[in-house]
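Read through the structure below, which is laid out as structure tokens, and then see the notes.
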There are 2 protein chains.
Amino acid sequence: MAKIADRYFIVDPWNIIEEDFNPSYAQVAESIFSLGNEYMGTRGFFDEGYSGQSLVGNYFNGIYARLNQTPSAYKGMVNSTEFMVNAVNWLYTRIKIDDELLDLHNSKFSDFRRVLNLRNGLLRRSFTWATKSGKILNLIFERFVSMGNVHIGAQKISITPVNFSGKISIVSGLDFSEAHRIFNKNFWDCENVITEDSYLSITGKIESTNQKIFSSCIFHGDIENQKDVFINPKAAAKEFILDLSPDKEAVLIKIASNIVYTGSSKEDHALFDLQCAKSRQDLGALDYCTLKKENTAWWDKVWNNSDIVIKGDELNQQGIRFCIFQMFQTYHGAKKGTNIGAKGLTGEAYSGNAFWDTEVYCLPFFIFNNIEAAKNLLFFRFVTLPEAKLRAAELDCEGAFYPIATISGRECCTLWQHASLQLQASTAVVYGIWFYDRLADDKNFLYDFGLPILVEVSRMLATRGSWTDNGTKYGFYGVMGPDEFQMMVNHNCYTNYMGRFTFYYTLSVLDQLKDHDEDQFHHIISRMGISADETETWRKMADLMFIPYDEETKLYEQHDGYFKLPHVDIHSIPVEDFPLYHHWTYDRIYRNDMIKQPDVLMLMLMFNTRFSEEEIQKNYEFYEPRCIHESSLSPSVHSILASQLKKHNEAYDFFRFATRMDLDNYNRNTHEGLHTTSIAAAWMNIVYGFGGMRSDVEPISFAPSIPGEWDGYSFRITYKNNVILVDVNKQTVTFRNTGSDIIPLKVYDQTIMLGKEAQEFEIPADRRG
Amino acid sequence: MAKIADRYFIVDPWNIIEEDFNPSYAQVAESIFSLGNEYMGTRGFFDEGYSGQSLVGNYFNGIYARLNQTPSAYKGMVNSTEFMVNAVNWLYTRIKIDDELLDLHNSKFSDFRRVLNLRNGLLRRSFTWATKSGKILNLIFERFVSMGNVHIGAQKISITPVNFSGKISIVSGLDFSEAHRIFNKNFWDCENVITEDSYLSITGKIESTNQKIFSSCIFHGDIENQKDVFINPKAAAKEFILDLSPDKEAVLIKIASNIVYTGSSKEDHALFDLQCAKSRQDLGALDYCTLKKENTAWWDKVWNNSDIVIKGDELNQQGIRFCIFQMFQTYHGAKKGTNIGAKGLTGEAYSGNAFWDTEVYCLPFFIFNNIEAAKNLLFFRFVTLPEAKLRAAELDCEGAFYPIATISGRECCTLWQHASLQLQASTAVVYGIWFYDRLADDKNFLYDFGLPILVEVSRMLATRGSWTDNGTKYGFYGVMGPDEFQMMVNHNCYTNYMGRFTFYYTLSVLDQLKDHDEDQFHHIISRMGISADETETWRKMADLMFIPYDEETKLYEQHDGYFKLPHVDIHSIPVEDFPLYHHWTYDRIYRNDMIKQPDVLMLMLMFNTRFSEEEIQKNYEFYEPRCIHESSLSPSVHSILASQLKKHNEAYDFFRFATRMDLDNYNRNTHEGLHTTSIAAAWMNIVYGFGGMRSDVEPISFAPSIPGEWDGYSFRITYKNNVILVDVNKQTVTFRNTGSDIIPLKVYDQTIMLGKEAQEFEIPADRRG
């Protein structure tokens, strides 16, 4: 199942460039040219409307609708689902000359060029329009979303007539009427339209969740005159007339402010009212150029601290910068209480739901690039602990059971086999807390917010598992591990391992707290009702947790009985059978030893240094040929382990499409949105894979290798508040600390102290690809 | 989880009697007083309407509607479901005096008595009505459905004024307007209302299936005058005025004819038109008394050949006769191409769907009481072979995969874990063919209709299973066996055993046919494309089928790994947790060694003589304490094996509510309809359990025991066209052959030849309970 690139955009180290618009790529381009600032996301649709294939998608993090389903007769089933809902199009524009509407699906145009500048987040589109009446105009559309003030988005339309003078009409507004694509339905009730001179505002509300968006905007520019116009009942709009003179640029600028109310409390609504009232004044104080300058400065900082350079490989150079850019667009710690949807804010697939990908794939990126954002991601799990406790109760468990797919903290996955059997969302939260705790100097977070989660997840695990063999063996029955091609299995190695890890870690944090602050310890013990019996039970469960392992072969068994499953030679499966979910009957997928994505190997990435190299090799060589990588997250995990095992060709082969999954539309579904969480895996692929970084040891260690295909590469991480630059070329690797401290690191098993002075190491021969 | 009787009806050996109507039992009584003749079924609702709780249910075998669901993204999922639909109420009646409507929910009445006579199938209800105006009338409602002419139902209303003379209005009609209860929706479009003197007809049609019912009726009686009345758009009705004189009975008789068109072909529709046209004339020739007399004769024959007498136990005497009565009402070979729904024709629960209960529980009853009906049941599976082949293809299999729940042959179960994982519907069909073949002298059926099924099911099994251990072990992965509390298991003992049985039996029938008629053999081989390679593969799969068995303990393992599951002491589960599906989260049910219904033990009933008594004992003693009997079919299987193991108290305890499941409403859901298929198990419980009959040997054998609670019992079976009476008392058992042949039998391991002369045997001491 070789994946094949469908290249459309022009390769450039700092820009994504589209030339000569091809309508069949319209929606792919919309996804690629998405802008976002964590708070809101806007697909790269044409501002002026487009009657061809298009998804005019505007999404706000944490703004969702709910649909109830016919309740199941069975207990513990999920009977309602929540999805991020398509919201206000704050870029709404229609342009007319002589009653001819500009519409690139019908209009005659030339010199089309669209550029997304990754360095500053500016999206710029220009073309020349030839009207039926023979008028020729050059148009430029610019837009960006403010990274510093996440409510703000800005649009600039510049029009230069080439061969005429006259008037042009621009209708511009705030439009809640777009349908949510998946349900082909609009979920907004609108009210309070206010129009003043060069100002509009409107409020939209979602009935099922009582959430609101207050959208407002001001206009600047070469406005001849303006008037209110009605475009539909869910929009506010004005028509502007601009006077055009040949070769003279006329400009209309719109600065929009969007404020969300997430429907949680009266106090929140009062705050929302206050923000809305204040926004009119705030908007008046903003100007396009200053905003743009501030945004550029914001991105400069990102690139200074987080850039990855790849020498001799333009494709991956562009690809990895696009990944880094998208990671920061999707999340950067702007707002507490939100998470990362599988598609970020770029489309409706996966309904804006966050998965355990957040902790396992995205968190490492943020830990080493933006630790505040990492903390916010974990804080989301603390905020939604009450929902996880309700879910545990629904599942006849004590403690907290985190959802496999969620926006609000409630389980949104209506397939019981995932929602009820996958314990990895809960243990991933524990893993995330552990990861953050190891790398952030933030014990307050650990004790205040992490510990209650650890305790509640331990409680869930202590009630979800079972004892066998006369109480000498503990483990989990009827689960689905990370490999979703095995269901209702017992003693899944990953699940049991993570269960053991959770118990031990929870116990160790309790011990730490007791040493650190006995008062707080006793307070928590008493508030949460933790008894000595309970912790003793956890210890016993951890001590006696069954980890299926064959001492002789060094193989961990994916679950009890996995080795006895019928073997399928995955290379014998015809290419046209993929994706298997569409071509194989559902249960057939589960009846053999084929796996969808790493399960045992996942552990070997997450707790890399706890496994011997021999174990990693044996298990990699056993499981890799059984894995069909039907998850887009799978290849990078394999690539990282292959690098470690010095299988450089394999490592590069698995890396091959990691950075360009969406740019080259390898899965042919980029039009639905970007593979945001697999973008995170691309970063890990370089840093943990080729860079050989290991962060589960103290200090963190590096064992860089260099792919034969590259002349060199460098990456940066922020570690203990210092930005460390790792610069690899064909022969050597150089470490630089651009911060002011002296930082201990391990390089090829040698401990170093890295201060101002660069330190160079020769790359061992067997690490040169 | 002791089940507790909720007794309402009066105990009587031949009648079900209700005195002093209690409205809270209204719907239970409707189910109990259901009449049916395989073709149609009518719940025991009040003819004259009732504004209290009531389900006016009239059902026709094979008449159903279809509902499509949102298609699943996964392959092989069932995306539409079919359900037996509530149809024409041919008993529709409204009675008025002085504008006061008779309605037992509001009217004043006394001396209520309702009797279902099991001897002749007549339902009779009488009471005295006191109107608000002070008039007193005695009313009698009689009804029956003709067993000989299954289109016909008859109703007789007799009215005797006590203290007045005057007129009474009776509106009587044919009404398609009742809603299907489960969906609260009516599925009928009506047309062609014809009204003539004392005659009505109307045709109803179901849009989704293109099926029709032509309903017509004639009226007789003391009719003063009549006129057409409109009651609703889906009905035809007349108002009759009867002249009443004190102490003089006035009568209105309605004889209805219902003819169904099952929507299958043009030819069928022509036949339907013909039947409809002819029915007017046929109806004219019918009279109530003759029909009633014919029906009594029909039932006389049933009781002569099939009665079971229990001495010293009035409750079970009434219970078992009710069971036998319901079995014949539900099915007796009236019409080819229909099956037995889980609730017969008595309610909407289980949607009228037939399950593998038909072959495994019902077929033995018919084999020994009405072999033509047994043949028809198997013929249904031949007729629906094309649908089973389509289903196999949907499931990526060759051959035929029979549905777990069906009306038309299509799979109606929308839960994939049942519809895709349960292979026992297919192997049960094979078992049924084998059972019929052993006991009927009907090789034509075997070769013409049975063999194609055997071949196609073998093909399915040959593609659904897998080889492991380098091709030395065959078996089925990802299945759900008879015990529905274990899902996605491998090498389920029952499934593998039945797979092996199917392969061997198919091969043996092919061999038989080759010996018997080489031409037909070659014809079938060539028509079905059966190659020597294919049969060789089946033989190899059968030879190497893995049957999980522990030689030392003599235990068959329910599935590979079952013995390693966490143990649950089922007696520690609180009573209020039952039924578990409502109180335990769905997946929790699957995470231990608790079983819902017999799985390994099922095999030991179905192939009893292939297991040693030691094996049966060891497995019974292992599995029985793990079984919670959440299926109503489970206790009888355990009772039969307990009898064999001379555990007489247990045997009687499991039998305790078998015959009175519905009469005493043990499961508190009799209002939804009768447990028709578990009724069949009650018959098996007596004949195979206490009677110790074994039919998987030649000749069939008996080893009767006598429960301590009984003075004696007798049962009859039809075997090789002779009715054999087995009469058991405290000390002895007597065998009589009321037929004219000399029949070989085995009694307590002794072979006898049973002719006219009765043969008596002493019951061994260890078989006296």
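Residue pairs whose Cβ atoms lie under 9 Å apart, separated by 6 or more positions or on different chains, with the first residue in segment B:535-546 and over 13 Å from B:THR502 (Cβ atoms) and touching a residue at least 40 places away in the same chain (Cβ under 8 Å) and the second assigned to a helix (DSSP H, G or I) and of a type outside the set (A, V, I, L, M, F, W, C), are B:PHE546/B:ASN496. I'd like to check something: does segment B:395-403 contain any residue that is outside any helix (DSSP H, G or I), touching a helix residue (DSSP H, G or I) at 6+ places or on another chain (Cβ under 6 Å), acidic (Asp, Glu) and buried (at least 22 other Cβ atoms within 10 Å of the Cβ)? Within segment B:395-403 (the criterion being outside any helix (DSSP H, G or I), touching a helix residue (DSSP H, G or I) at 6+ places or on another chain (Cβ under 6 Å), acidic (Asp, Glu) and buried (at least 22 other Cβ atoms within 10 Å of the Cβ)), the answer is no, since none of the residues qualifies.
Looking only at residues of segment A:404-448 that are among the polar types (S, T, N, Q), open to solvent by 10 Å² or more (accessible area, probe 1.4 Å) and not in a helix (DSSP H, G or I), we find that the one that is farthest from the other protein chains (Cβ to nearest Cβ) is A:SER408. Residue count for segment A:544-592 under the criterion of being more than 30 Å from A:THR468 (Cα to Cα) and among the hydroxyl-bearing types (Ser, Thr, Tyr): the result is 4. Of the residues A:SER165, A:SER126, the single one that is farther than 23 Å from A:LYS238 by Cα and open to solvent by 10 Å² or more (accessible area, probe 1.4 Å) is A:SER126. On the basis of being out of contact with any helix residue (DSSP H, G or I) (no Cβ under 9 Å at 6 or more places or on another chain), of a type in the set (Asp, Glu) and open to solvent by 10 Å² or more (accessible area, probe 1.4 Å), does B:ASP47 make the cut? No. The residues of segment A:56-80 that are surrounded by fewer than 16 Cβ atoms within 10 Å (Cβ to Cβ), assigned to a loop (DSSP other than H, G, I, E, B) and of a type in the set (S, T, N, Q), listed by number, are A:GLN69, A:THR70, A:SER72, A:ASN79.
Yes/no per residue for (1) at pLDDT below 95; (2) surrounded by 15 or more Cβ atoms within 10 Å (Cβ to Cβ):
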| residue | (1), (2) |
| --- | --- |
| A:ILE255 | no, yes |
| A:THR262 | yes, yes |
| A:ALA270 | yes, no |
| A:ALA277 | yes, no |
| A:TYR288 | no, yes |
| A:ASN295 | no, yes |
| A:ASP300 | no, no |
| A:ASN304 | no, no |
| A:ASP307 | no, yes |
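Pairing residues of segment B:269-280 that are closer than 18 Å to B:GLY204 by Cβ with residues that are among the charged types (D, E, K, R) and surrounded by 15 or more Cβ atoms within 10 Å (Cβ to Cβ), at Cβ distances under 8 Å and at least 6 apart in sequence or on separate chains, gives B:PHE272/B:LYS212.
Of all residues in segment A:760-769, none satisfies being in contact with a Lys or Arg (Cβ under 9 Å, 6 or more places away or on another chain) and buried (at least 21 other Cβ atoms within 10 Å of the Cβ).
Exactly one residue among A:LYS227, A:LYS238, A:LYS248 is more than 30 Å from A:LYS335 (Cα to Cα) and free of Cβ contacts under 8 Å to residues at least 24 places away in the same chain, and that residue is A:LYS227.
Name the single residue that is farthest from the chain's Cα centre (by Cα) among those in segment B:603-633 being of a type in the set (A, V, I, L, M) and not in a loop (DSSP other than H, G, I, E, B). Filtering first and then ranking leaves B:ILE616. Filtering A:ILE706, A:ILE724, A:ILE700 for residues that are at pLDDT 95 or above and either of a type in the set (Ser, Thr, Tyr) or in contact with a Ser or Thr (Cβ under 9 Å, 6 or more places away or on another chain) (or both) leaves a single hit, A:ILE724. Selection of segment A:565-594 for residues being more than 8 Å from chain B (Cβ to nearest Cβ), closer than 19 Å to B:ALA73 by Cα and out of contact with any Leu (no Cβ under 8 Å at 6 or more places or on another chain) yields A:GLU576, A:ASP577, A:PHE578, A:PRO579, A:LEU580.
Residues in segment A:661-716 that are among the aliphatic types (A, V, I, L, M), assigned to a loop (DSSP other than H, G, I, E, B) and in contact with an Asp or Glu (Cβ under 8 Å, 6 or more places away or on another chain): A:LEU674, A:ALA703. The residues in segment A:746-758 that are open to solvent by 50 Å² or more (accessible area, probe 1.4 Å) and in contact with a strand residue (DSSP E or B) (Cβ under 6 Å, 6 or more places away or on another chain) can be counted, and the count is 2. So, of the residues in segment B:538-564 that are in a helix (DSSP H, G or I), more than 13 Å from chain A (Cβ to nearest Cβ) and open to solvent by less than 20 Å² (accessible area, probe 1.4 Å), which turns out to be farthest from B:PHE485 (Cα to Cα)? Out of the qualifying residues, it is B:TRP538. Screening segment A:513-533 for residues that are in contact (Cβ under 8 Å) with a residue 40 or more places away in the chain and assigned to a helix (DSSP H, G or I) and picking the one that is surrounded by the most Cβ atoms within 10 Å (Cβ to Cβ) gives A:LEU513. Given the options B:GLY36, B:GLY44, B:GLY52, name the one that is modelled with pLDDT of 95 or more, away from every other protein chain (no Cβ under 14 Å) and in contact with a Pro (Cβ under 6 Å, 6 or more places away or on another chain). Only one candidate qualifies: B:GLY52. Residue count for segment B:456-490, restricted to those that are more than 9 Å from chain A (Cβ to nearest Cβ), in a loop (DSSP other than H, G, I, E, B) and out of contact with any helix residue (DSSP H, G or I) (no Cβ under 7 Å at 6 or more places or on another chain): 5.
Of everything in segment A:571-588 that is within 28 Å of the chain's Cα centre (by Cα) and touching a residue at least 12 places away in the same chain (Cβ under 8 Å), the residue that is least open to solvent (accessible area, probe 1.4 Å) is A:LEU580. If you go through segment A:449-492 and keep only what is open to solvent by 20 Å² or more (accessible area, probe 1.4 Å) and closer than 22 Å to A:ILE525 by Cα, you end up with A:PHE449, A:ARG459, A:ALA462, A:THR463. Across segment A:354-372, the qualifying residues are those that are open to solvent by 10 Å² or more (accessible area, probe 1.4 Å) and out of contact with any Ser or Thr (no Cβ under 6 Å at 6 or more places or on another chain), and the one among them that is nearest to A:ASN117 (Cα to Cα) is A:ASN370.
Here is a yes/no grid of residues against (1) of a type in the set (Val, Ile, Thr); (2) within 17 Å of the chain's Cα centre (by Cα); (3) outside any helix (DSSP H, G or I):
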site: A:ASP282; (1), (2), (3): no, no, no
site: A:LYS293; (1), (2), (3): no, no, no
site: A:ALA297; (1), (2), (3): no, no, no
site: A:ASN305; (1), (2), (3): no, no, no
site: A:ILE310; (1), (2), (3): yes, no, yes
site: A:ALA373; (1), (2), (3): no, yes, no
site: A:PRO386; (1), (2), (3): no, no, no
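Only a single criterion out of (1) under 10 Å from the mean Cα position of the chain (by Cα); (2) among the hydrophobic types (A, V, I, L, M, F, W, C); (3) modelled with pLDDT under 95 is not satisfied by B:ALA334, namely (1).
Scanning segment A:717-763 for residues that are part of a loop (DSSP other than H, G, I, E, B) and under 17 Å from A:ASP307 (Cα atoms) returns A:ASN721, A:THR738, A:GLY739.
The values are calculated or read from the model by the stated rules, or taken from the named source; none is laboratory data. All values derive from a computational prediction rather than experimental measurement. As a convention, Cβ positions derive from the backbone with ideal geometry for all residues, glycine included, and neighbour counts pool all protein chains shown. Protein only, heavy atoms only, side chains kept; ligands, DNA and RNA dropped before computing areas. Shrake-Rupley method; radii C 1.70, N 1.55, O 1.52, S 1.80 Å.
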